[in-house]
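Derivation of every value follows stated rules applied to the coordinates shown; laboratory data play no part. It should be emphasised that the depicted structure is a prediction, and the values quoted were computed from it without experimental measurement. Cβ placement follows ideal geometry from the backbone for every residue including glycine, while neighbour counts extend to all protein chains displayed.
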C-alpha cells in the first residue's frame with residue numbers, strides 16, 4: 001500500500017523559511033515523478049512543484065518560482081520542498097503526491113494527508 | 001499557463017438524479033485531463049484520467065466525455081457519498097493547472 005507522510009509544517013513569519021518532507025513507502029520511490037500540491041484554507045487545489053524520477057529536472061508554478069526548491073533523496077525515499085521568502089499567500093495545506101505510472105504523466109494517484117503551513121506575524 | 005474553468009461553481013442535485021459538471025480549458029489539452037473528488041475533510045481522490053478512464057475502484061456511474069477544450073463529468077445517479085467538490089486538472093502542459101472546483105450539494 002502506498003503511503004506518503006508529510007512533515008515540517010508549522011507557523012512561520014512572513015519572509016521566513018520552512019522545509020517540508022514527505023516520506024514515501026509501499027512503492028519503488030525512485031521510479032516515480034513526485035509533486036507538491038497545495039490547498040489554501042477553504043480554497044481549491046493548486047499545483048506547486050514537480051520533480052522527475054532521478055531529480056534531474058524540476059518544475060514550478062509561477063507563484064513559487066525562485067522561492068521554493070523541490071528535491072528528493074531516492075536513497076531515503078523522501079521528497080522535500082524548501083520554501084523561502086514566505087508570504088501570507090503561501091498559507092495552505094501542502095500535499096505530497098505520487099503520479100499514477102512510473103515515467104508517466106502528471107496524473108495524481110496517491111496523496112499524503114498533508115501538512116499545514118501557516119504564514120503569519 | 002492553461003487556465004481551467006469549471007462550471008457551475010455549485011450544483012444542487014437530489015439523490016438519484018444525474019449531475020453534469022463542465023470543465024473548459026483556455027487552450028487545447030487534447031485528452032490530458034483528470035478529474036478528482038474531494039469529500040469534506042478528506043484528501044482528493046483520482047476519479048478519471050485521459051479524459052475517460054476510470055481509476056481503480058471508481059464506480060461506473062462516473063463518466064467523462066470531451067477532448068480539446070471542453071470536458072464533461074457525469075454522475076449518472078447521485079449517491080450520498082458523491083456529494084463533494086470535484087476538480088478538473090490538465091497535464092498537457094507545464095505548469096499543471098486545476099479548475100477552481102464544482103461543489104455538488106444535496107438539493
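Taking the alpha-carbon set of the stretch B:35-107, what are its Rg and Dmax in Å?
Computed over the Cα atoms of the stretch B:35-107, radius of gyration and Dmax are 12.1, 37 Å.
Sort A:90, A:62, A:73 so the one with the fewest other Cβ atoms within 10 Å of its own Cβ comes first.
Exposure proxy ranking, most exposed first: A:62, A:73, A:90.
Along the Cα→Cβ direction, 7 angstrom out, place labels at residue B:14 and residue B:39. What is the inter-label distance in nm?
Output for this residue pair reads 2.4 nm.
Normalised by the empirical 2.2 N^0.38 Å for globular proteins, what value does the Cα Rg of the protein assembly as shown take?
This ratio for the protein assembly as shown stands at 1.00.
Averaged across A:97-106, how many Cβ atoms of other chains sit within 10 Å of each residue's Cβ atom?
Mean number of neighbouring Cβ atoms from other chains: 3.
Based on other C-beta atoms within 10 Å, arrange A:67, A:76, B:54 from fewest to most. List each step's numbers first, then the result.
Working: A:67 15, A:76 12, B:54 18.
Result, fewest neighbours first: A:76, A:67, B:54.
Evaluate E = 1/(1 + (r/R0)^6) for residue A:57 and residue B:61, where r is the Cβ-Cβ distance and R0 equals 35 Å; express this FRET efficiency to the nearest 0.05.
Details: r = 39 Å, r/R0 = 1.10.
My answer for the efficiency is 0.35.
Would you mind computing, in nm to one decimal, how far apart the modelled labels at residue A:13 and residue B:77 are, each placed 7 Å from Cα along Cα→Cβ?
About 6.0 nm, to one decimal.
Over all directions, average the projected area of the Cα convex hull of chain A and note it in nm².
Across all orientations, chain A yields a mean hull projection of 6.8 nm².
Residues of the stretch A:96-114 with amide nitrogen under 20 Å from the 7 Å Cα-to-Cβ point of residue A:31?
Under cut-off, by backbone N: A:97-112.
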